[in-house]
Amino acid sequence: MALRRINQQGIVLGIFAVMFVAFTAFLPGFFTTANMLTLLQNVSVLGILGLAMAIVVIGRGIDISLIAVLAVPPGLVLQMVQDGSSLPVALSVALLLSLAFGLFNGWLIAYAEVPALFTTLASGLFLAGFGQAALFKLDVVQWSPGLQGFEWLGQGQLLGIPMPIIVFALACGLVAFLLRSTRPGAYIYAIGDNPNTARVTGVPTRPIIVLQFVLAALIGCFAGLVMAASVNSMPTRIFNSTMIYDVILVVVLGGIGLSGGRGGVLNVVIGTLLIGTMLNGMTIMDVSYSGQNLVKGVVLLVAVIADSFLNPRNEETAQQGDI
Amino acid sequence: MTDNVLEFRKATKLYSGVPAIDGVDFQLRRGEIHALVGENGAGKSTLTKAMAGVVTLTSGTMLVDGKEVAPKTPLEARHLGIGMVFQENSLVPTMTVAQNLFLGQEKFYNRLRGIYIAAQQFLQSLNFDVTPTATVGLLGAAQKQMVEIARAVLHQAKVIIFDEPTATLTPEEKKYFFDLVRDLKKRGVSIVFISHALEEALILADRITVLRDSKHVVTDDACNFDRDRIVQAMVGRDLSNTLYGKRKTAVRPAGERVLTIQNLKLAPMVKNNSLSIFAGQITGIFGLVGAGRTETFKIAAGVLKRDFFHGGEILLRGEPVRYRVPAPAVKAGIAYITEDRKVEGFFETMSIARNVYLGILAKFPGGRFLLSRKEAQTSGEHWIKQLNVRTISTHAKVVELSGGNQQKVVIAKSLAQDPSVVIFDEPTRGVDVGAIVEIHDLINRLAEEGRAVVVISSYLPEILALSDRILVSRQGKVVEEFSGLDATEEKIMYAAIH
């Protein structure tokens, strides 16, 4: 088993290396400091979302509503500041909204026992629709003077490194600490490995599942703030994009089995690097949007097929509605 | 032409090396009703499954009408004229009776009116009082069974096998079922049925076969049997040379009354069950399938999901408790060690040390927000040594261990929680002989330490070897209590069957 997992990570790392070398050799302008920083900056939001997804997937769930929570609470911050609220007030409201959303998802999944896939599919649609219908005046919520200084989170630099990269690194550190070194982290792996055993052993499975979705919502909101700060606006239509597939791609490709209990932050980093390199290379090659979708679709298919071979789900503990 | 419609010669079926039936000879005569009796795990189900093509024999031959056959699927068996009515219904609950009858035989254009008429005529010819347009899910147990029987007849079965046909029936329905089986016999159909109710076997069957520990014991005409002879044949083991050979010469006295269950109800498995568990001794719980033993203790430990509590009281040291999930029960000191370790026993991709450590975390979360690698390692090593788990290292994954060692890990995970009530559900199922001895020693040690120990087992010698006190469960409640000193296999079996 251990050998297998190393192999999977090795394969992904190998593909990454080959792609990286090929792009360096054949794509002028790929391997430059400027482009490398752009690459990392572009994928850092995706990486942060990947961390949120990883927490949930390790616990045998999935969160399709991440893009809604990426768009709506941060969009609300921009909108409220535009309408005259102060930044701290707006941030607190966004935080509370994300918290409530995560609690709602978690409660439905853990206590009402609705499958995670359908819960988050519906709740994400609801949140995005609520934002577009009731909160935002325009599809793209614009920057306003009241946010002066906040763009540092997305555009600033520390020691010459763009902030999004630093923020991603910090988030990785925090999530890794949570998963590897704390009791709730151990519980998340236990639930992912075998929810029945976790339950019988006395693990408070339901509160932990709620915790997973609350953390995912908060991290998703945070990723949205970083995104808004780097582009000086919040295009709320991002919910209608294919971004959620990119997030799933990062997690699965990185080697976190969809059957739960396996993988960690390192896998998210590997997956993010691979996807970032792929997207960056395609952009330099000027591949069209639909062409990029085609490539991503094929890669995602290959990744989930490989995943179900390498991490087969345990028939005896699989439940209806499991992903 | 032979008189036997179905015959087994030296039939053996191994499940990962362990025989479920071992060299069994069996003959079914044309037009007879044949009862199969034996304890849980005696091999009755496996034998009938081999007849119906659900499992294939590891060795030995099966003959239908004197010709050697080897059905590999239930469909092949059906073509040979063998139909089985399963314990769990194999009907589609959302379809109508007629649709179920003709399932798999539909024409490309499946005209409902046509099959309703055909079904009506067919059911009438059998004298079955079932409406063909009724939805199967809404029918009672007896009517569902009728549909299953009708389907077997429709498939022109020469042999119909019933697995516990009367378990879910009311007394009137049972009478009707008996008439039905006799009617089938008149039509020349041979019947095999498994039953735990000896009276039924004696009344209904022409011949009775008794199995014990995977082997054939005796086959004889039903008129030559009585209750005593059947029970003798079911339990008559010669244990003098085995690990179960030594009898208890002293029993531990009852300590504090730790767990009291009063009038516990959970439809349909537990009916007004009342019992008490005392500290410092081993209480053995014996019962046949469907006796509600596991369910009762799963309710007590909060393990049962969707516990639609229908009444009754559970007292832990005099305090009423009612656990909806296992976590508070674990914190209160109740450990339930499952009969199905793959499903809810261990974390397969994790190391032994991690399994044990998770048990500790769940019971004593205080001051353990940050994980301690050192504590995980030392507690893992401690319990591996305590239970003599044979493994290369504490880092070995549980899925890589043998059944016996896996069971030890499951036990270690619970014992690390220092429980005061330990409930073992089939503690030695799928465990090799060496490990059985060790697990039994451990169970005895736990009682010596003053814990209240419960052992649920379907294996009589295990119950007798371990228990200071034996409770016999039948149809959802405890019906008899024996002291470990004067209990015998016969007495217990008498109480367990009905």
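We did not get these values from a lab; they are worked out from the coordinates using the rules stated. None of the values given here were measured: they were computed from a predicted structure. In this analysis, Cβ positions are derived from the backbone assuming ideal geometry, glycine residues included, and neighbour counts consider all displayed protein chains.
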Evaluate the relative contact order of the stretch B:114-253 (contact order divided by residue number), counting alpha-carbon pairs under 8 angstrom at least 6 apart; express in whole percent. 14 percent
Which percent, nearest 5, of DSSP beta bridges in chain B are antiparallel? 55 percent
When a/c is below 1.5 the answer is rounded, else prolate if a/b is larger than b/c, else oblate, so apply that to the stretch A:13-141 with a ≥ b ≥ c taken from the square roots of the Cα gyration tensor eigenvalues. oblate
In whole Hz and in residue order, list the ³J(HN,Hα) couplings for the stretch B:204-218 that follow from phi through the Karplus curve 6.51 cos²θ - 1.76 cosθ + 1.60, θ = phi - 60°; x for Gly and Pro. 8, 7, 7, 9, 10, 10, 10, 10, 8, 6, 6, 10, 6, 9, 7
What's the magnitude of the charge dipole for the protein assembly as shown around its Cα centre, counting Lys and Arg as +1 and Asp and Glu as -1 at the beta-carbon? Answer in Debye, nearest 20. 400 debye
For the stretch A:41-307, what does the relative contact order come out to in percent, with C-alpha contacts under 8 Å and a separation of six or more? 36 percent
Note down the magnitude of the dipole of the stretch A:41-307 about its Cα centre, charges +1 on Lys and Arg C-beta and -1 on Asp and Glu C-beta and zero elsewhere, to the nearest 20 debye. 460 debye
Based on the alpha-carbon set only, what is the convex hull volume of the stretch B:312-419 divided per residue, in Å³? 116 Å³
Expected unfolding gain across A:Y111-A:A34 under the 0.36 nm per residue rule, minus the alpha-carbon gap, is 22.8 nm
Long-range amide H partners of B:A35 with built H, under 5 Å: B:F193, B:D206, B:R207, B:I208, B:T209
Each label point is 7 Å from the Cα along the Cα-to-Cβ direction; what then is the distance between the points at A:Q148 and B:V69, in nm? 9.1 nm
What is the sum of charges, Lys and Arg at +1 and Asp and Glu at -1, for the other residues whose Cβ falls under 13 Å from the Cβ of A:S241? 0
Positive dipole terminus of the protein assembly as shown, leading residue within B:G43, B:S195, B:L180 (C-beta point charges): B:G43
Pop the C-beta distance of A:A25 and B:D418 into the FRET formula with R0 = 56 Å and round what comes out to the nearest 0.05. 0.35
Starting from the Cα of A:V304, step 7 Å along the direction of its Cβ; do the same at B:T249; then give the gap between the two resulting points in nm. 6.8 nm
Loop-resident sites, the stretch A:105-211, for chymotrypsin sites (Phe, Trp or Tyr not before Pro), counting at most 16 other Cβ within 10 Å (DSSP): A:Y111
Output the pairs from B:K107/B:K144; B:K49/B:K107; B:K305/B:K331; B:K10/B:K186; B:K44/B:K397; B:K305/B:K342 with a Cα-Cα distance over 27 Å in this structure; if there are none, say none. B:K49/B:K107; B:K10/B:K186; B:K44/B:K397
With label points built 7 Å along Cα→Cβ from the Cα atoms of B:D432 and B:S125, find their separation and express it in nm. 5.7 nm
Estimated FRET transfer efficiency when R0 is 22 angstrom, pair B:R187-B:V218 (beta carbons, to 0.05): 0.15
Over all directions, average the projected area of the Cα convex hull of chain A and note it in nm². 16.7 nm²
Gap in Å between the Cα centre of the stretch A:26-47 and the Cα centre of the stretch B:346-383? 42 Å
Give me the log10 of I(q) over I(0) for the stretch B:381-435 at q = 0.14, 0.28 Å⁻¹, as the Debye formula computes it from C-alpha points; what are the numbers? -0.36, -1.27
Projected convex hull area of the stretch B:355-498, Cα atoms, direction-averaged, in nm², equals 10.2 nm²
Based on Cα coordinates alone, diagonalise the gyration tensor for the stretch A:186-323, multiply each eigenvalue by 5, take square roots, and list the semi-axes in whole Å, largest first. 31, 20, 12
Taking every other residue with Cβ under 13 Å from the Cβ of B:R474 and scoring Lys and Arg +1, Asp and Glu -1, one gets +1
Which shape class applies to the protein assembly as shown: rounded if a/c is under 1.5, otherwise prolate when a/b exceeds b/c and oblate if not, where a ≥ b ≥ c are the square roots of the Cα gyration tensor eigenvalues? prolate
For every other residue with a beta carbon closer than 15 angstrom to the beta carbon of B:N224, add +1 if it is Lys or Arg and -1 if Asp or Glu, then tell me the sum. -3
Value at 222 nm in deg cm²/dmol, rounded to 500, when DSSP H runs of n ≥ 4 in chain A each add -39,500 (n - 2.57): -24000 deg cm²/dmol
Per the rule of 0.36 nm per residue minus the C-alpha distance, extending B:N263 to B:Q156 adds in nm 33.8 nm
Viscosity 1.567 mPa s, temperature 4 °C: what is the translational diffusion coefficient of the stretch B:1-92 from Stokes-Einstein with a Kirkwood Rh over Cα pairs, rounded to a whole number of µm²/s? 95 µm²/s
How many angstrom lie between the C-alpha centres of the stretch B:33-98 and the stretch B:412-471? 35 Å
Counting only DSSP beta bridges with both partners in the protein assembly as shown, the antiparallel fraction in percent, to the nearest 5, comes to 60 percent
With viscosity set to 1.306 mPa s and temperature to 10 °C, compute the Stokes-Einstein D of chain B, Rh being the Kirkwood radius across alpha carbon pairs; µm²/s, no decimals. 64 µm²/s
For chain B, the helices passing both cut-offs (Cα extent along own axis of 15 Å or more, Kyte-Doolittle mean at least -1.0, full DSSP H runs) are B:112-126, B:141-154, B:352-363, B:403-415, B:433-448
Furthest towards positive pole of dipole, A:I275, A:G263, A:P204, structure part the stretch A:166-323, Cβ charges: A:P204
Distance between the C-alpha centers of the stretch B:272-328 and the stretch A:237-292? Whole Å please. 49 Å
Residue span B:T94 to B:A118: 0.36 nm per residue of separation minus Cα-Cα distance leaves a gain in nm of 6.7 nm
